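The structure under discussion appears below in the form of structure tokens.
Bear in mind these aren't lab numbers, they're just calculated from the coordinates by the rules spelled out. The structure displayed is predicted, hence computed values, not measured ones. Note: ideal-geometry Cβ built from the backbone for every residue, glycine included; neighbour counts use all protein chains shown.
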Amino acid sequence: MNYILFDGAVRNQLLPFTFTRPVADIRVGILTIREKWEKFLGSTTTTVTEEYLSDKFPMVELEQNVLINASFCPSENLVLLIKNLQENQAIFYNDQPLAFYAKEDQEIDFDAFTITQYTDDDVLRIENTWDIFEKNHQAIKRDYDVLTQGRTSEAIPQTTIAFNPEHIFIEKGAKVMCASLNATDGPIYIGEDTVLMEGATIQGPFALCEHSSVKMGAKIYGGTTIGPHCKVGGEVANSVMMGFSNKGHDGYMGNSVLGHWCNLGADTNTSNLKNNYAQVRLWDYDTERFAKTGTQFCGLMMGDHSKCGINTMFNTGTVVGVSANIFGAGYPRNFIPSFTWGGSSGMETYNTTKAFEVAAVVMARRGLEFDTQEEAILNEVFEISKQWRRS
């Protein structure tokens with residue numbers, strides 16, 4: 001069977017992260033949503049997404065296909081149902097299509113389908129940006145079980161303090177030096193070729209993905225994922241760094257999500273709780289206004305390629321688009337559009353020529369090329385985001 005992941009109705013609710021990736025390639029827990037599905041299905045997947053992303057994330061259609069809503073994470077029960085789908089059958093979750101069978105070039109009319117409602121209580125769905133950190137505890141635990149089942153961890157070094165060590169898994173090539181690992185409230189996963197430097201204090205559930213490092217004396221609280229090729233220091237709580245991003249110095253980041261190729265300058269701090277303890281509002285790209293999140297704790301949502309200078313202060317519930325450059329004293333606005341340059345004293349358009357020069361240098365440091373495909377995606381984001389820039 002050919003499996004295809006589609007963005008579904010929540011794609012815009014997951015901006016700015018879905019400006020540069022399909023919903024399937026959001027990281028929550030240890031793995032991306034796509035990586036989770038591929039492990040459960042035992043198959044590669046392709047994608048139905050926005051046209052400007054389709055060169056990088058193509059869709060391959062064969063004679064028989066099953067399309068899966070990528071905002072849902074897999075479970076054993078759900079995958080079993082999906083693998084048994086037949087022609088003109090679909091699985092719905094409430095009023096949303098979760099998965100359906102489709103022949104090549106078939107016109108889909110769900111009124112003609114046999115619909116099965118999925119009612120199990122194991123649903124883990126990413127519908128909003130804040131779900132990425134709010135559901136990260138649960139996602140780490142699920143991924144940990146999948147990745148470690150039947151395997152043996154590398155030995156925990158004698159110089160490291162470990163609480164509940166049976167829920168700590170260290171992959172080959174990881175270096176753990178004089179750290180404190182507390183897996184009492186959830187598992188701790190240390191990926192391949194990672195580094196936990198001296199004095200790092202970690203609470204689970206926590207994931208450190210391949211080729212990433214935790215700096216000396218860092219304090220990291222539960223529900224945190226550090227994606228591949230990241231550096232993190234200071235104090236971090238219940239946050240997700242999707243990959244290739246840095247928060248290398250002191251400063252606090254809580255209830256936040258960073259995309260790829262982000263960098264937070266030294267002593268950057270994110271507020272995650274309003275002074276009046278009120279519900280946090282976040283910028284909604286569809287309504288073009290701030291919308292209720294239903295959560296009291298929410299920090300920074302930062303899209304790919306965005307960066308900030310030293311001592312930057314982000315207010316509670318700040319959304320930063322793609323390829324923004326923020327600096328200066330005071331709090332910048334709670335919504336910073338893509339390709340914006342400046343801070344609280346004023347902002348202007350960040351010229352794509354300059355932005356792409358930086359992107360090329362940053363990616364080259366990780367041995368990757370800023371190619372024409374990446375440039376085309378960011379050029380499209382620049383055009384899409386013009387409506388929100390003031391200059």
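Side notes on the structure shown:
- Entry note, region 2-117: relative contact order of 26 percent, from Cα contacts under 8 Å with a spacing of 6+ residues.
- Sequence-distant residues sharing a close amide H with Ala200 (under 5 Å, placed H): Ser180, Gly217, Ala218
- Of interest is the spacing of the C-alpha centroids, which for region 244-267 and region 125-153 amounts to 21 Å.
- Cα centroid separation, region 1-22 to region 49-123 (Å): 13
- When each of the peptides 326-335, 270-279, 302-311 is scored by the mean number of other C-beta atoms lying within 10 Å of its residues, the order from highest to lowest reads 302-311, 326-335, 270-279.
- Put a plus charge on the Cβ of each Lys and Arg, a minus charge on the Cβ of each Asp and Glu, and nothing anywhere else: the dipole of the chain about its Cα centre is then about 1640 debye.
- Among 375-382, 1-8, the order from most to least packed when residues are scored by Cβ within 10 Å on average: 1-8, 375-382
- Potential lengthening of the chain between Lys175 and Gln158 amounts to 4.9 nm, from the contour at 0.36 nm per residue minus the alpha-carbon distance.
- Annotation: average projected area of the chain is 19.3 square nanometres, based on the convex hull of Cα atoms across all directions.
- Phi to ³J(HN,Hα) by Karplus 6.51 cos²θ - 1.76 cosθ + 1.60 over region 6-13, Hz, x for Gly, Pro: 10, 5, x, 6, 9, 3, 5, 6
- Spin-label pair Asn315/Thr114, simplified geometry with 7 Å Cα→Cβ offset, distance in nm: 5.5
- Label-point separation, Ser344 to Glu380 (7 Å along Cα→Cβ), nm: 3.7
- With each label modelled as a point 7 angstrom along the Cα→C-beta vector, the Gln279-Leu368 pair spans 3.6 nm.
- Nonlocal amide H pairs with Phe335, under 5 Å, H built at 1.01 Å: Val319
- Computed over the chain: relative contact order in percent, which uses C-alpha pairs under 8 Å that are six or more apart: 10
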